[in-house]
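Read-outs throughout are calculated quantities, based only on the coordinates presented, and are distinct from any laboratory measurement. No experiment lies behind these values; they were computed from the predicted model shown. Note: ideal-geometry Cβ built from the backbone for every residue, glycine included; neighbour counts use all protein chains shown.
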Amino acid sequence: MSVLYALCSILVFFMIEYYVLCRSFKKADYNNGQKRDVIIVLGYPAKKDGRVSPILRERIKKAAKLYHEGIAEVIICTGSDVANKYVEADVMSQALIELGVPDCNIIREKHAKSTYENLVISKKIMQDRGLKTAVIVSSPWHLRKASSYAYRFEIDHLVEKSKIPHEYLLLVGVIYFYLYTQMFINLLRYNKDKQTKFPI
């Protein structure tokens, strides 16, 4: 019985957490076939041997699919060597080339080490190249965070979710709970810091 109570408590907490995050972190609509100037595919660490990890694989496949559907002619691959020596942008670019995307249509952004930096630097690239609109590609559990940053930086964007890797199907709930709890804690810290700096 205690296990059931614990599970119910976790479920209630997650529902409250999800409600708060949906109110605090705005997410754009899905692209649904609209033409955009650029596809921004957000990085994720490669495997330790440099091969594409399952999560990154699905993001790359989605970006390539959008490219071949004519959604945009340019793809920004954004991500540095965050978790190991392999630069995410380079790993993504090579995989996209193997999926038929011309190298000349790929922009490698190799400095971003977080979602925040992914969007900051991608906006700078868009401004430098006269790209006005974007579709952001990432995993379903990551899109709300990414989109909220894009809104903050005034990027005209829509989103597209990659598929959940079959290797992770049984862990989807855990992934959502972990990442949304992390976002919730960061939101609480942000509000606390804001009150400390600007007391009512």
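Rounded, prolate or oblate: which fits segment 32-90 when a ≥ b ≥ c are the square roots of the eigenvalues of the alpha-carbon gyration tensor, with rounded for a/c under 1.5 and prolate only if a/b beats b/c? Taking the square roots of the gyration eigenvalues as a ≥ b ≥ c, segment 32-90 is prolate. Taking other C-beta atoms within 10 Å as the exposure proxy, Lys47, Lys145 rank Lys47, Lys145 from fewest upward. Neighbour counting of Cβ atoms within 10 Å sorts the residues Arg144, Arg59, fewest neighbours leading, into Arg144, Arg59.
Between Asp156 and Gln127, full extension at 0.36 nm per residue minus the direct alpha carbon distance yields a gain of 9.3 nm. With a threshold of 30 Å on the Cα-Cα distance, the over-threshold entries among Lys85/Lys132; Lys47/Lys132; Lys35/Lys85; Lys26/Lys48; Lys85/Lys163 are Lys85/Lys132; Lys47/Lys132; Lys35/Lys85; Lys26/Lys48. Evaluated at q = 0.11, 0.19, 0.21 Å⁻¹, the base-10 log of the normalised Debye intensity for segment 46-176, with identical point scatterers placed on the Cα atoms, takes the values -0.36, -1.17, -1.45.
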